[in-house]
Every structure is written in structure tokens, then in C-alpha cells.
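Below: one structure, written as C-alpha cells.
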Amino acid sequence: MAAIIETSGLTRSYGDICALKPLDLCVPEGEWLTVMGHSGSGKSTLLNLLGGLDRPTGGSIQVRGTDLASLSEDGLARFRRDCVGIIFQQHHLIPYLTALENVMMSQYFHSVPDEAEARHALERVGLGHRLKNRPGELSGGEQQRVCIARAIINSPRLLLGDEPTGNLDHKSTTMVMELLRELRDEDRFSIVMVTHNQEVAAWGDRTIHMDDGCLVREERIKAC
Amino acid sequence: MTALKVIPQLLCWAVLVPVMSRSLTGMATAVTAAAGFVVGVAGENLLLAYVGGELPFRPLRGVCGVIFLLLWGASVWALYRRGSKGSDAEAVSSPGPLAAGLAASATGVLAGALTLCRLAPLDGGAVRLVPYLSLACAGAVLALAATFPARYLPERLAPRGIPLLALVVSALMVMACSVQRLDIFSPLSMEVMKFIHDFVHQFFESMLIPDHPFFRSDVWGYIGLLFSDKVGLWGGLALWYLPVLFIALALRLERLPSVAHIRQGAARRKLLASFIHERRLRLVAPLFALVLLTGAAYQSRFPATEYWDPKPVEVTATPAGQIVIPKKGEMDLEDGKLHKFSYSQGGRQARFFVMLTPAGQLVTTLDACAICQPEGYGQAGNAVICYYCKTLIPLETVGKPGGCNPVPVPCSVKGDAVVIDAMTLLNTWESTVQVTAHGKGMGK
Ligand SMILES: Nc1ncnc2c1ncn2[C@@H]1O[C@H](COP(=O)(O)OP(=O)(O)OP(=O)(O)O)[C@@H](O)[C@H]1O
Ligand SMILES: [Mg+2]
């Protein structure tokens with residue numbers, strides 16, 4: 001299967017701190033990869049590089065055949081807009097917009113807003129009845145589901161999650177994970193997700209463990 | 001120095017050719033346009049040399065009027081046909097090479113002819129050889145050089161069909177309106193004013209509006225607005241801008257191609273967004289045309305030509321009620337220039353001027369005509385110009401009544417002085433000029 005992500009010798013250092021040491025990673029199209037590791041081991045750094053939020057200091061990184069290091073700022077913005085969806089632990093929803101408007105905002109930055117489609121996306125994540133509520137009026141799990149709707153609305157080929165369930169209890173975590181699996185099975189996008197939670201990692205196809213900026217161990221959970 | 005006068009024209013030309021060559025057939029368009037420009041300049045000179053007379057201002061102004069009407073027609077058509085089948089405002093988007101060549105060369109001829117008129121001396125006479133040769137060269141070189149920037153003009157910004165026509169026509173309007181005798185904006189606003197004037201007049205006449213005092217004071221206030229000197233300007237501006245606004249509207253209202261066949265939401269929205277973006281880009285041409293038209297109207301309102309316009313000299317009457325102005329006093333009344341005076345008595349006031357006509361006769365006229373607001377006259381070469389309607393009145397006809405001619409006042413030459421009856425002067429002023437002032441809602 002074609003690789004959606006291919007990195008070779010990928011590094012990122014902040015001054016003397018080497019947050020990511022030369023890393024070779026290949027993620028095939030459609031795979032769900034989980035990244036685990038101690039705090040400060042460089043997981044978020046890797047995710048930011050994959051999402052085009054940051055630039056590497058060395059090595060190469062290719063997502064869907066595009067060399068991210070060679071893209072201009074505009075090119076990177078276009079890449080983020082068209083190819084990736086990102087979910088954070090802190091959901092970063094706009095507090096004064098409703099759930100529906102938050103999703104439509106993402107459509108607006110991508111192309112043009114389409115209310116029916118945004119509504120459908122929220123229905124898919126089980127929030128058809130909370131369209132007009134603001135983030136403050138939603139529970140943590142619901143907010144995270146709005147984020148998922150927002151992340152998938154532009155049909156990205158790659159979904160990145162930085163501890164998306166970090167704030168959620170067991171029940172909500174299971175709900176969000178089930179939802180992600182369903183969506184992935186329907187839309188066939190790839191997922192790279194950072195987590196500290198062993199249970200969450202079990203939902204993925206493969207887990208990599210990082211320590212001090214290096215990939216130290218890899219385990220396959222399901223056959224690809 | 002004279003060369004500076006044609007800079008706006010040549011600038012317009014330098015913008016027009018790359019756009020045309022990008023939208024039509026490229027280099028070939030630029031060459032035909034360049035050839036057209038040279039033909040326009042040379043043809044006009046040959047005409048002048050063999051037929052004589054002066055530059056063909058009237059026919060040229062006629063042509064300008066016709067192409068402006070053409071733009072009107074095209075804009076209405078575009079608005080009418082919009083969205084009936086895809087992008088219809090651009091239905092004529094790719095004319096054949098012959099049509100493109102014809103259009104380019106016709107534009108060139110007209111541009112050349114209009115630009116040469118700007119060089120023509122105001123007091124008539126032919127343009128000298130050197131300026132005219134250098135103008136022809138400049139036009140041709142600019143047109144050919146324009147093919148280089150044309151390559152960098154993004155394809156999506158190159159207007160087609162009617163928007164291109166709007167751009168061409170408005171550029172030609174800039175070229176025309178900077179020449180007093182080619183200007184069509186001022187006559188347009190003048191016509192609008194006359195039309196509204198007549199219409200309101202006839203309307204009230206036919207309605208037999210009762211002369212009730214209450215009714216009059218209220219309603220006349222509003223009717224006064226219709227007679228104000230701004231109504232012509234605003235009406236003229238409306239007629240001036242509307243065709244291009246129609247075209248912009250037609251483009252804006254154009255139905256977008258259907259994207260319903262694309263299943264995936266994101267891809268469908270992406271395509272839709274690109275269509276919207278393209279439609280927005282197409283508005284650039286009409287917007288630019290609006291800027292050009294504004295430039296043309298501005299040139300027409302505030303012509304760059306400088307007029308001989310002396311400050312009126314206060315005069316007084318003798319106890320017998322006569323105004324006596326010596327022929328060779330502080331100024332020489334017989335130097336062929338216009339000399340302005342003003343006279344006031346007991347709150348009544350009149351402005352007039354004295355000048356020697358080419359026929360050798362000293363005439364006295366009001367500094368106002370019977371139709372326009374009394375903004376006065378200036379002298380430019382062998383004509384005086386009414387500042388209000390920008391009509392040029394040949395010196396030969398000054399002193400004769402009618403039209404926008406300054407209203408004649410009887411005078412007599414006694415010895416070496418011009419004598420005018422003060423009462424006649426004031427009465428003439430009040431019986432002609434104040435009539436319009438009444439309409440303005442200030443009188444009565
Ligand atoms: N902008 C920055 N400037 C300087 N150092 C940074 C910056 N961002 C990250 N680092 C450093 O890089 C290393 C890796 O950070 P990173 O955020 O990737 O860790 P992490 O694995 O995501 O940790 P956590 O699980 O706590 O989120 C850390 O030592 C951190 O201090
Ligand atoms: Mg982190």
C-alpha cells in the first residue's frame with residue numbers, strides 16, 4: 001500500500017535542545033498509528049511536523065508525496081487546509097460561535113461554508129441535537145466530538161490527534177474512539193494519534209514508543 | 001511641454017494594448033493596434049493637409065458618442081442575457097482573428113486620432129510635423145512594447161467579450177474627454193439637465209398645479225432640487241457609470257456552473273470556491289473601467305486647459321445712469337481679450353464683459369447666458385467657454401443672441417469710450433439670468 005507519510009532522518013531542534021532525533025518513519029495509507037512516550041519525548045514535536053504546523057531542522061518529510069520542507073508558507077497553509085485535520089487536547093473551539101458555526105468556520109477557511117453539510121457532519125458525530133449550542137454549553141466529550149466533526153469536514157486524508165482524549169473520562173473516551181474508528185472505516189483516512197493511555201492505544205493498528213526524541217520501540221496491534 | 005499634454009492618453013493606450021493583446025490574439029493584436037494608431041494620427045493629418053479646415057472634432061465626437069451608446073447596448077444585453085447559458089457576458093469571448101484584428105485596428109485608429117486632437121492648438125491650425133511624427137512613433141512603440149508586460153498579465157485577469165469592451169470604451173473616453181471639443185460627458189450632463197428641466201416644466205404645465213401658497217412653498221422646495229445645477233451632473237454621472245455597473249452586475253449575477261455532480265462535500269466546495277473566485281476576478285475589468293470613467297469625467301469637469309479669466313472690475317455709473325468705460329484706460333479693450341466688469345446698485349447686481357470680435361466690433365454681453373447657471377465665461381484661443389456647460393462659443397458669434405451665447409447688452413461707442421445704460425444692464429441680467437435662479441428655488 002502506498003505510504004501517506006514518509007520521513008527520513010527527520011530532526012527538529014530548538015537551540016541546543018534536540019526535540020526530535022533523526023527519525024525514519026513510514027505510515028501506509030489508511031493506517032491508524034499511535035505515538036506513545038514520556039512527557040517531553042518529542043511526540044507533539046513530531047505531530048506538529050506532520051501537520052505542517054512546524055518546519056523540520058533536518059531530514060525530509062513527505063506527506064502524500066509532497067515534500068513539506070520545500071513548501072512556502074502559503075503552500076504549507078494550503079497543505080494544512082486541504083490534507084490534514086487536527087484534534088487537540090484543548091479543543092480550541094471558538095467560544096462565542098455555536099457548534100454548527102465552529103464547523104462552518106473550518107469550511108469557510110477551506111472553501112465556502114455549506115450549512116447542510118456541516119449539519120450532516122455533526123449528525124455523524126452524534127450531535128445532531130446540539131447544533132445551536134456554544135462550546136461552553138457542551139460537555140468535554142461533546143466538545144471533542146465537535147472538534148472531530150470540524151477536523152473531518154474538509155475530508156482530510158490524514159487526521160492528527162494530540163492527546164484528544166486526555167481530558168475525557170473512560171466512557172467518553174470509548175465513545176470518541178468508537179466514533180473515530182467508524183469514521184475512518186467510512187472515509188478511509190489515516191490517523192496519527194498521540195496518547196498516554198494504553199487502552200486508547202489499543203484502538204490503533206500500530207504503536208510507536210518514543211523516548212528523548214528517538215523511536216525506541218514499535219508494536220503491531222492489528223495486521224494491516 | 002506640449003508632449004506632456006498627451007501623457008494621460010498614452011498611458012491609457014499603454015494599458016489598453018496589453019489587455020487587448022492578452023485577451024485577443026496576442027502579438028498580432030498589438031501589431032494591428034500599433035498600425036491602427038499610426039493610421040489614425042497620419043490619416044487625420046493628411047485630411048487636414050488635403051481637405052483643409054480644422055481637425056475633425058465633430059465626427060470624432062460623434063464616433064465617441066456612438067461607441068458609448070454601443071457600450072450601453074452591450075451592457076443592457078449582458079444584463080438581460082446573464083445566466084441564461086453559463087457565462088454569457090463572455091459569449092463573444094473568442095472572436096476570430098479577423099474580428100480581433102478589426103477591433104484592435106479600429107481601436108488603434110480612434111486612439112491615434114483622439115490623441116492627436118489633444119495636441120491641436122486651441123485656436124485652430126494644424127499640428128506641426130515633428131509632434132505628429134513623434135506621436136505616431138510613440139503610440140506604435142508603446143503598443144509593441146506592451147506585448148512584454150502582457151505576458152505577465154494573469155490569464156484569469158484578462159477580460160473577454162463585453163467586459164473587455166467596457167475597458168476599451170472607457171479608456172477611449174479618457175482620451176476624448178481631455179480634449180474640450182471631443183468631450184462627451186459635459187454635453188451628456190447638459191442634455192440630462194435640459195431633459196429634466198423640460199420634463200418638470202411640461203409636467204407641471206399639464207397638471208395645472210394650483211397656485212396655492214401652502215402647496216407652492218412646500219413643493220417648490222423639492223422641485224427646486226430638480227432644477228439645481230447639480231442635477232445635470234448627477235444625472236450625467238448616472239448615465240456615464242450605469243453601463244459599466246450593469247456589466248459588473250451581470251458578471252456578479254452570472255450563474256455558477258453546477259457542482260452538484262461531485263459527491264464529496266469538500267471537493268464540491270473547493271470547486272465552487274474556485275468558480276466564485278474566478279467570477280470575482282472577472283469584476284476587476286469593470287472596476288478598472290469605472291476608475292477610467294471617473295478620470296474621464298474629472299477631466300471633463302475640471303479641464304486642464306487654462307483660460308483667460310480676469311477678475312471682474314467694479315464699475316460705477318454716472319449720475320445720468322450711464323456706465324462709461326474708456327477704450328484705452330487701465331486696460332486695452334481692443335486687445336481681442338475678454339474684459340470682465342461688475343456693476344451693482346441698491347442690491348441689484350450684474351456681471352458683463354466687453355471684447356473686440358474678429359470682425360472688429362466692440363461688443364458688450366452679460367457674463368452669463370439664458371440657459372445655464374451664471375457661472376461665467378473664460379476665453380480660450382478663438383472661443384469663449386461657458387464654465388457651466390463647457391460649450392465653446394466662437395468669437396465670431398459673441399454678441400449674437402441665442403443658445404449658450406452670452407446675452408448681448410446694447411452699448412454704444414462714444415469717442416474713445418464704451419457707454420452702457422446701467423438700467424438696461426440690470427434689467428437684462430434680471431430678466432434672463434434670474435429666471436434660472438428662480439427655478440433653483442432661491443428666487444421669489
Ligand atoms: N517551542 C519550543 N521551544 C523550545 N523547546 C521546545 C519547544 N517545543 C518543545 N520543546 C522541547 O522539546 C521537547 C519535546 O517536546 P514535546 O512537546 O514534543 O513533548 P511531548 O512528548 O509532546 O510531551 P507531552 O507528553 O508532555 O506533551 C521538550 O523537551 C520540550 O521542552
Ligand atoms: Mg505533547
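The values are calculated or read from the model by the stated rules, or taken from the named source; none is laboratory data. For clarity, every value in this text was computed on a predicted model and none was experimentally measured. Note that each Cβ is placed from the backbone with ideal geometry, even for glycine, and that neighbours are counted across all protein chains shown. Each accessible area value is taken on the protein alone, full model and side chains, heavy atoms only, with ligands, DNA and RNA left out. Shrake-Rupley method; radii C 1.70, N 1.55, O 1.52, S 1.80 Å.
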Taking B:355, B:331 and ranking on accessible area (1.4 Å, protein atoms only), highest first, one gets B:331, B:355
Could you check how many percent of all C-alpha pairs in region B:313-438 are farther apart than 23 Å? 25
Net dipole in debye of region B:313-438 [+1 Lys, Arg Cβ; -1 Asp, Glu Cβ; about Cα centre; nearest 20]: 140
Students often check this: by mean Cβ neighbours within 10 Å, which of A:138-148, B:390-400 ranks highest, and how do the rest follow? A:138-148, B:390-400
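Under the √(5λ) rule applied to the eigenvalues of the Cα gyration tensor, what semi-axes describe the equivalent ellipsoid of chain B? Give them in Å, descending. Walk me through the numbers on the way to the answer.
Details: eigenvalues 494, 190, 42 Å².
Semi-axes from the Cα gyration tensor: 50, 31, 15 Å.
Given just the C-alpha atoms of region B:316-370, how large is their convex hull per residue in cubic angstrom? Could you put the intermediate results ahead of the total?
Numbers: hull volume 5.6 nm³, N = 55.
Roughly 102 Å³ of hull volume per residue.
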Hey, how many Å between the Cα centroid of region B:1-71 and the Cα centroid of region B:353-376? 36
For a protection proxy built on the mean count of beta-carbon atoms within 10 angstrom, sort A:212-222, B:164-174, A:183-193 highest first, please. B:164-174, A:183-193, A:212-222
Picking from B:402, A:216, B:418, whose Cα lies most toward the positive end of the charge dipole for the protein assembly as shown (charges on Cβ: Lys, Arg +1; Asp, Glu -1)? B:402
Proximal aspartates and glutamates relative to residue B:337, as straight alpha-carbon distance under 15 Å, when same-chain residues fewer than 8 apart are discounted: B:123, B:306, B:309, B:367, B:396
Give B:230/B:390; B:390/B:414; B:194/B:311; A:222/B:270; B:327/B:400 a once-over and call out the pairs whose C-alpha atoms are over 26 Å from each other. B:390/B:414; B:194/B:311; A:222/B:270
Does any residue of region A:103-124 lose at least 50 Å² of accessible area with all protein chains in place compared with its chain alone, and if so which ones (probe 1.4 Å)? A:112, A:117
Using alpha carbon centroids, what distance separates region A:86-103 and region A:168-188, in Å? 18
Under 8 Å for C-alpha pairs, at least 6 residues apart: give me the relative contact order for chain B, rounded to a whole percent. 16
Above 49 Å lies some portion of the pair distances; for the protein assembly as shown, what is it as a whole percent of all C-alpha pairs? 45
Roughly how far apart, in whole Å, are the Cα centres of region A:106-138 and region B:281-330? 63
For residue B:417, which sequence-distant residues (separation of 5 or more, or a different chain) have an amide H within less than 5 Å of its own amide H, given hydrogens modelled in the peptide plane? B:327
Taking each residue of B:71-81 in turn, how many C-beta atoms of other protein chains fall within 10 Å of its C-beta, and what is the average? 0
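What does the convex hull of the alpha-carbon atoms of region B:253-357 project to on average, in nm²? Intermediate results must be reported in sequence, preceding the final value.
On the way: hull surface 55.0 nm².
The directionally averaged projection comes out at 13.8 nm².
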With every protein chain in place, the residues of region B:261-290 shedding 40 Å² or more of accessible area versus the chain by itself (probe 1.4 Å) are B:266, B:269, B:270
Summarise the accessible area of region B:313-438 (1.4 Å probe, protein heavy atoms) by the percent that is carbon and sulfur. 55
Quick one: which residues, 5+ away or cross-chain, put their amide H under 5 Å from the amide H of residue A:87? H built at 1.01 Å from N. A:160, A:161, A:162
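222 nm [θ] for chain A, helices only, -39500 (n - 2.57) per DSSP H run of 4+, per residue, to 500?
Only helices count here, giving -10000 deg cm²/dmol.
Tell me the relative contact order for region B:313-438 as a rounded percent, counting alpha carbon contacts under 8 Å between residues six or more apart.
24
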Which number do you get for Rg(Cα) / (2.2 N^0.38 Å) in region A:1-140? 1.22
